[in-house]
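All remarks here apply to the structure that follows.
The values are calculated or read from the model by the stated rules, or taken from the named source; none is laboratory data. Here the structure is a predicted model, which is why all the values come from computation and not from measurement. Every residue, glycine among them, receives a Cβ derived from its backbone with ideal geometry; neighbour counts consider all protein chains shown. Accessible surface is based on the protein model in full, side chains and every heavy atom, while ligands, DNA and RNA are left aside. Shrake-Rupley method; radii C 1.70, N 1.55, O 1.52, S 1.80 Å.
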Amino acid sequence: MTANPLRELPSVDALLRRDDIAGLVEMHGRERVVAALRAALEEARAAGEARPADRLAGAASATLSRPPSLRRVVNATGVIVHTNLGRSPLAEEAVRRASEVASGYSNLEYDLAGGSRGSRHRHLSGLLAELTGADDGLAVNNNAAAVLVCLAAMAAGGEVVISRGELIEIGDGFRIPDILRQSGATLVEVGTTNRTRLADYVSVLRPETRAILRVHQSNFRMVGFTESPSTAELAAAAAAHGIPLIDDLGSGQLTDLPSLMDEPTARSSLEAGSALVCFSGDKLLGGPQAGVIVGAAGPVERVRRHPLARALRIDKLSLAALEATLELHRDPAKAAARIPVLRMASQPSADVRARADRLATLVGGMVVATTARIGGGAVPLLELESHACSLEGGERLAARLRRSEPPVVGRVQEGRVLLDCTTLEDSDLPLIAAALAGP
Ligand SMILES: *Cc1c(COP(=O)(O)O)cnc(C)c1O
């Protein structure tokens, strides 16, 4: 018979008496340290090993200093609105507003004038009206939710007409036909992939038709033999039939930046006659995750009263950050200077080049010309002139950079790691140098 080796394992109490563990208790609190020690002991038992106290203390210490799962990373990809990297960083003004609302109580659903219950769906009405020319507006959880609730409120039980050229899928399985089905509306496809005429829409309108839907093609572009009616033509056809035109702009844009001119603005869509226009909060708007809905008073009120508006509501932190971001958009010059994604998109290429020079000097790399992109389904063909710091080391080095703290995410091209300087802030450069100097 062999003795059970697990009997040799120290107790939690014995471990707590060690000096190194006492240090951990001071840093992380007793409760978390005890939990980490129990986990280390559990692991040793599962392995059937009588691990020494040193090793158990080390394991507990490693658990406690493990970074959180969701954490900030350095974006050296050159894709400004990178969906996998959290899309748009917030302006300082937006961070401050969210933090103020987060750390105390707020009038989220409270009418301060009347001292009675209010609606979270009214905070943005005035600001959105001012910025887009709409009668009214609100925000929900994200743009997918915005499209869903608009369709459910306006067209459930009826038919929605859409061009075959706009039956798109955007990242992460958001497919327009699926969303339509979930809204309770029936999809009526018209035209062909590359050409849809006004007459194609008009020919299917009947009493069961509840809306015409237009969807921005976002992350792809059709070139060559293409045709589609203008928003104004579609809106007029819808109005003549007594139904709304719903326009999903995807990224949307409030500020006309010269280099981004071909993204439609909510204002231009509303002026053309759309009844409801929706777009994301965290693409070119540069705010938090949200879906913004603007339009005519009646349709917006119908959306606001729909039960899905409750289920898909925006949370107070995003709402606070969104309001602060929209305030910056009142002044296009201020928006371009203060909102990170707009600042990156409009920065002079000489500044990017200078940053690449500094980074290359700091870490011993080579400066190369690259192209950066807006991302987020906005202006997919637009190539922004950029520069990167190029390093030898390929996928191995890229993996090491991703393991550093904070992780640095670059791209690998022809066996070299490119750190694109369009999406880097000056304050990121020392972090990258530290990551490269590390193990
Ligand atoms: C990005 C996009 C959406 C989805 O927006 P989320 O904010 O990611 O939910 C919907 N429609 C279009 C056209 C888009 O580009």
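Here are the numbers:
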quantity: Sites ARG164 and ASN84, calculated FRET efficiency, Cβ-Cβ separation with R0 41 Å, nearest 0.05; calculated: 0.90
quantity: Three-way shape call for segment 148-227 based on the alpha-carbon gyration tensor, with the a/c threshold at 1.5; calculated: oblate
quantity: The chain - charge dipole about Cα centre, Lys and Arg +1 at Cβ, Asp and Glu -1, debye rounded to 20; calculated: 860
quantity: Fraction of beta bridges assigned by DSSP in the chain that are antiparallel (%, nearest 5); calculated: 60
quantity: Whole-Å distance, taken between Cα centres, linking segment 400-439 and segment 1-42; calculated: 37
quantity: FRET E, pair ARG400, ALA156, Förster distance 60 Å, beta-carbon r, rounded to 0.05; calculated: 0.70
quantity: FRET efficiency for ALA350 and ARG175, using Cβ-Cβ distance with R0 set to 60 Å, rounded to 0.05; calculated: 0.90
quantity: Dipole in debye (nearest 20) - segment 220-352, about Cα centre, beta carbon charges: Lys, Arg +1; Asp, Glu -1; calculated: 540
quantity: Cα gyration tensor shape for segment 247-335, rounded if a/c is under 1.5, else prolate or oblate; calculated: oblate
quantity: Relative packing of peptides 153-165, 270-282 - highest average C-beta neighbours within 10 Å first; calculated: 270-282, 153-165
quantity: Distance between modelled label sites at ASP111 and ASN194, nm, 7 Å Cα→Cβ extension; calculated: 5.7
quantity: For the chain, accessible area per residue (1.4 Å probe, heavy atoms of protein chains only), Å²; calculated: 48
quantity: Unit Cα scatterers, Debye sum, segment 93-338: log10 I(q)/I(0) for q = 0.15, 0.18 Å⁻¹; calculated: -1.02, -1.42
quantity: Highest-first arrangement of 332-342, 417-427, 138-148, where packing means the average Cβ count within 10 Å; calculated: 138-148, 417-427, 332-342
quantity: Distant alpha-carbon pairs in the chain (separation over 43 angstrom), percent; calculated: 30
quantity: Charge tally in the Cβ shell below 11 Å around ARG304, where Lys, Arg are +1 and Asp, Glu are -1, ARG304 excluded; calculated: +4
quantity: Protein accessible area in the chain, 1.4 Å probe - carbon and sulfur %; calculated: 51
quantity: Difference of contour (0.36 nm per residue) and Cα-Cα distance, SER65 to ALA47; calculated: 4.2 nm
